[in-house]
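The values are calculated or read from the model by the stated rules, or taken from the named source; none is laboratory data. For clarity, every value in this text was computed on a predicted model and none was experimentally measured. In this analysis, Cβ positions are derived from the backbone assuming ideal geometry, glycine residues included, and neighbour counts consider all displayed protein chains.
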Ligand code: SF4
Ligand code: SF4
């Protein structure tokens, strides 16, 4: 649902696999299921997340704020801007 | 697994508020403290307050380590003494915003007396209390808030004591801003911290959070994700709820929301009122008269409002 | 030590008739102390009362905290908030304060604590005198650290020593303890407060250089290092954990050696500069009476009587208790027959005298449990015995 000229935002997720402790919060609570647990291990032996469906990210930044390790941040993806508007 | 850490640190939106050179931190996987610090960092950015004028004080314990990770003036004190140290800082320089970030064992067990007296004085502090029902750093002992019947290393057969309900405790003591959230409710936590930073007087924000390694494991409650889901399903939002009705039972419903937000003269305002009667209009504290201090405070408030408006404008622009 | 004249606002110049406790409050205000957090306890409360009364006109702040744990914690906060701060207490309260004396020593926070000693142990003799907390002042908190302690013998000296206590505390960034006693605390005498321009105070040394060069600590076994003031933008971090020069925790044996050595040596290595003694007729003496606080005034009578009897007796009054005057005792020991050490405790500082005398002369303890001062006759008898 988009009102007036509000447009669909897109975000780009940056993941710092090194600091991740694999708690799974970002994967579990991402509202649009962008992330999934990777099968790879990091140096500490945890499975960090990866962006499985990057195009679905709407820049809500929930993963950024729930991540207890400060290992994810999201920026608005202007390049990938599709500018979908609904009147 | 090839993260460019230097670049990540540099680009991270947290880099101005957290000491990135000290990461990764010591907290366990799935521990709620990190999420709270994240929310705190976000709240500071949005609040518009001058980060130079912010001081973070912690006690001892897992949450006590927060002071070491935030990039502000910060003091990691002795066990239980964060609030009186914060009181000293605030009274030494009333222009500072002083935040106490500590755990429930630290603030309400060994430091309980300081908590209620700071609330009683309506000392202008923001107290953020990570409540995970356990002494994590020492291996999971029972705390003053551990629910009845929960297992801890020192209550191996279940806790037979009665816990504190913290909103009720600080309400009775005189706190003028009281909210409770869980570490799942990071958005609300952010907003509450923002409100508390702007609030004049004693603000208390309790954040229920999972201690995965000790409390959850010992009570067989799954991992961090399980607990956050439990919070999602078992929290009841009740703004303005009578704090007498905020007790927490083992794995029971958790009432969350903003319970108290009221205006009452702070400790320093009460000092001023008394001294100005005594000494007259040229009463000075640390060489500044009350009108001078008020003018400075007003100017700072305007700067804060302007910075805040700028942050908001940036966000709205992003949404247009 | 760089000093400046005192700020006139805190200096109530002129002759006064006041007790030792009140003189401490006046000394603090003169030294630039603008924050006092305390908790009532006999026989020290008059200092807090005096400060509370004077605070509004001086523009200082007094707060009565919920207990002594909170009082000293508030001083640490106030010190890093940019104020000179003090508190006053006696034994039972001091026992609570030792926790954060450790934190203040570890974080190199300047603050001043007056301990107006009363008889112990425990609640002991709340209204009666003693000197039983001498060792507690030095060793009360756990772990290795060093503090400075001074002992006045009159209300006038209470004033003077409080100013000095602040100066040492600021320069060495260390808790300084004023070890007075109930008798001096409650004794009313003439106290002359000099004009502000004659009182030299060490101002707070706040760092003002570039942020990237700022370090809250420098482990070079010296004093005189600047500290940061909260709100100045240096984003300092201080912790009671073993730390590096940035204040960040480094919990290794190697770092502990660096930190602990610095904490100890910045005081002990500068003992010659810190220590003040009041000596009388030491040259050629056969017996030296080592005393401090109220006991030194009682000892005067015994010393005078002994001299009348022809005994060559000198007096060594400790104004600085800690660091202990090791060097002076070592120098004197081979030249005299005995040290006589009267004190209102079961024998505390005498242990230090004996240690430093190293068997080169006799050391006679004239101990006395709390509650009253010595009978000078008892000290005289000890001097006679020492001279045999
Ligand atoms: S929330 Fe953070 S620590 Fe947890 S899995 Fe995601 S990236 Fe890793
Ligand atoms: S022990 Fe518990 S509280 Fe401490 S870091 Fe680990 S999960 Fe968090």
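The numbered conditions (1) on the phi > 0 side of the Ramachandran plot; (2) part of a helix (DSSP H, G or I) are all true for residue B:244 except (1). Of the residues making up the stretch B:28-61, those that are within 16 Å of ligand 1 (Cβ to nearest atom) and either within 17 Å of residue B:13 (Cα to Cα) or buried (at least 24 other Cβ atoms within 10 Å of the Cβ) (or both) are B:30, B:31, B:32, B:33, B:34, B:35, B:36, B:37, B:38, B:39, B:41, B:42. Taken together, B:60, B:5 contain a single residue that is within 11 Å of chain A (Cβ to nearest Cβ) and under 28 Å from residue B:223 (Cβ atoms), which is B:5.
For the stretch B:88-107, residues that are within 9 Å of another protein chain (Cβ to nearest Cβ) and more than 15 Å from the chain's Cα centre (by Cα) total 8.
Here is a yes/no grid of residues against (1) at pLDDT 95 or above; (2) surrounded by fewer than 14 Cβ atoms within 10 Å (Cβ to Cβ):
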{"position": "A:21", "(1), (2)": "yes, no"}
{"position": "A:42", "(1), (2)": "no, no"}
{"position": "A:63", "(1), (2)": "yes, no"}
{"position": "A:71", "(1), (2)": "yes, no"}
{"position": "A:75", "(1), (2)": "no, no"}
{"position": "A:86", "(1), (2)": "no, yes"}
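Among the criteria (1) surrounded by 20 or more Cβ atoms within 10 Å (Cβ to Cβ); (2) closer than 15 Å to residue C:303 by Cβ, the one residue C:353 does not fulfil is (2).
Taken over the stretch B:165-174, residues that are farther than 17 Å from residue B:256 by Cβ and assigned to a loop (DSSP other than H, G, I, E, B) amount to 1. Just give me the residues in the stretch A:17-47 being within 16 Å of ligand 2 (Cβ to nearest atom) and either in contact with a helix residue (DSSP H, G or I) (Cβ under 6 Å, 6 or more places away or on another chain) or outside any loop (DSSP other than H, G, I, E, B) (or both), in sequence order. Across the stretch A:17-47, the qualifying residues are A:23, A:24, A:25. With respect to the conditions (1) within 14 Å of ligand 2 (Cβ to nearest atom); (2) within 12 Å of another protein chain (Cβ to nearest Cβ); (3) in contact with a helix residue (DSSP H, G or I) (Cβ under 6 Å, 6 or more places away or on another chain), residue B:121 falls short on a single one, namely (1). The sole residue among B:255, B:236, B:263 that is in contact (Cβ under 8 Å) with a residue 24 or more places away in the chain, surrounded by fewer than 17 Cβ atoms within 10 Å (Cβ to Cβ) and away from chain C (no Cβ under 14 Å) is B:263.
As a summary of the residue check, residue C:190 satisfies the conditions (1) buried (at least 16 other Cβ atoms within 10 Å of the Cβ); (2) part of a strand (DSSP E or B) except for the one numbered (1). Just checking, which of C:87, C:109 is within 16 Å of the chain's Cα centre (by Cα) and assigned to a strand (DSSP E or B)? Of the residues listed, the single one that is within 16 Å of the chain's Cα centre (by Cα) and assigned to a strand (DSSP E or B) is C:87. Just to check your reading of the model, which residue among B:242, B:171 is over 22 Å from residue B:105 (Cβ atoms) and in contact with a strand residue (DSSP E or B) (Cβ under 9 Å, 6 or more places away or on another chain)? Exactly one residue qualifies, and that residue is B:242. Out of B:30, B:16, one residue alone is touching a helix residue (DSSP H, G or I) at 6+ places or on another chain (Cβ under 8 Å), at pLDDT below 95 and either more than 10 Å from chain A (Cβ to nearest Cβ) or part of a loop (DSSP other than H, G, I, E, B) (or both). It is B:16. Just one residue in the set C:336, C:329, C:321, C:282 is touching a residue at least 60 places away in the same chain (Cβ under 8 Å) and either on the phi < 0 side of the Ramachandran plot or in contact with a helix residue (DSSP H, G or I) (Cβ under 7 Å, 6 or more places away or on another chain) (or both); that residue is C:321.
Okay, residues lined up against (1) within 16 Å of ligand 2 (Cβ to nearest atom); (2) at pLDDT 95 or above; (3) touching a helix residue (DSSP H, G or I) at 6+ places or on another chain (Cβ under 8 Å):
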| site | (1), (2), (3) |
| --- | --- |
| B:10 | no, no, no |
| B:67 | yes, yes, no |
| B:75 | no, yes, yes |
| B:91 | no, yes, yes |
| B:94 | no, yes, yes |
| B:98 | no, yes, yes |
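If you go through the stretch C:56-73 and pick out every residue that is within 18 Å of residue C:44 (Cα to Cα), in a helix (DSSP H, G or I) and within 7 Å of chain B (Cβ to nearest Cβ), you end up with 2.
Assessment of the stretch B:42-51 against the conditions (in contact with a helix residue (DSSP H, G or I) (Cβ under 8 Å, 6 or more places away or on another chain) and at positive phi) yields at least one matching residue. Counting only residues that are closer than 18 Å to residue C:189 by Cα and crowded, with 23+ Cβ neighbours inside 10 Å, the stretch C:29-60 holds 4 of them.
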